[in-house]
Each structure stands twice: as structure tokens, then as C-alpha cells.
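Read the structure below first, then the notes.
Every read-out reported here was derived from the displayed coordinates using simple, explicitly stated rules and does not represent laboratory data. All figures in this text were calculated on a predicted structure; none of them were measured in a lab. So basically every Cβ, Gly included, is an ideal-geometry build from the backbone, and we count neighbours across all protein chains shown.
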Amino acid sequence: MHTEYIRLTPLWRNEGARLDCVFVGTNADNAEDTGMRAYDIACILAFFSFTYQGVVYSCAVIRWFNKIHDAPDEDTGMWMVRPAFLPNHSQHIAIIHIDSIYRAAHLVPIFSSSYISRDLKPHHCYDAFQAFYVNKYTDHHTFEIAA
């Protein structure tokens, strides 16, 4: 069985938060959906657990990302996502059970022609960029999902 660490570090190297992104299974009811059609992307904001009627539930607070198109980008072969917002323009935040997390995801910013400040820190990237590629080239497991 494959094991990997999904990290959430509020203060990474005394600079800022390290927030990993993940593939979340969101379409398990439709067996025809595979790959990115069966998963959505989210950024982990917090882990917590609670006990209800003697059962421990392990959960994550996430920030959703929306797919930009219904297929991968023609030039790169990678899916593109952007942060999801609610109608009132607030971030789409949710609580999910950690069993719905499939594996870690690596997002690469989609750069525009505008200047990027040298002061930009890694922990500001999710707010500084409007869209991201889902990097399918990180390993063969991710390649199968995000193909």
C-alpha cells in the first residue's frame, strides 16, 4: 500500500504556512468518471477530529478549487484549476472527512505576462495567482489520475 504525508504547517521555517493540496474524491457515485472527472482539488487549511456517540471522526478544513475547463489544457496536457468562490465572493471553504482525500496534489502557478515581485513568498502563491496547473508529472500515480 502506498503511503504519503499530507502536511499542514502553520509556520514553515519561521516564514509562513505550508498548505498542501490534495485530490478529493467527489464523484464516487458515477463509476464512469475516472481521473480528474472523479476528483476535485482542495488546499488543506486545518486538520481536526471530534467524537460523536463514541465514534472519532477525522476531518479537514479545505479551500476548494474549480476546474477551469472540462478537459486538460491542449498545450501542456495538464488540468487547470482556480480558487473557488461563493456568490458573495468569499472563499469556498468546507469540512470533509479525511477518508475522501485520495492523495497529495502539486499545483503549478499559471504565470501571466505581468511582473512578479521578488518579495513574493511561497506561502502567498495561492493568493497571488489566479489559476494553477495540476502537475501530472510529479509521479506515475498522479499521472494516472490527472491524465
Highest mean packing first, using Cβ neighbours within 10 angstrom, the peptides 12-23, 38-49 sort as 38-49, 12-23
D (Stokes-Einstein, µm²/s), Kirkwood Cα radius, the chain, 1.002 mPa s at 20 °C: 130 µm²/s
Net lengthening on full extension, N66/F111 (0.36 nm per residue, minus Cα-Cα): 14.4 nm
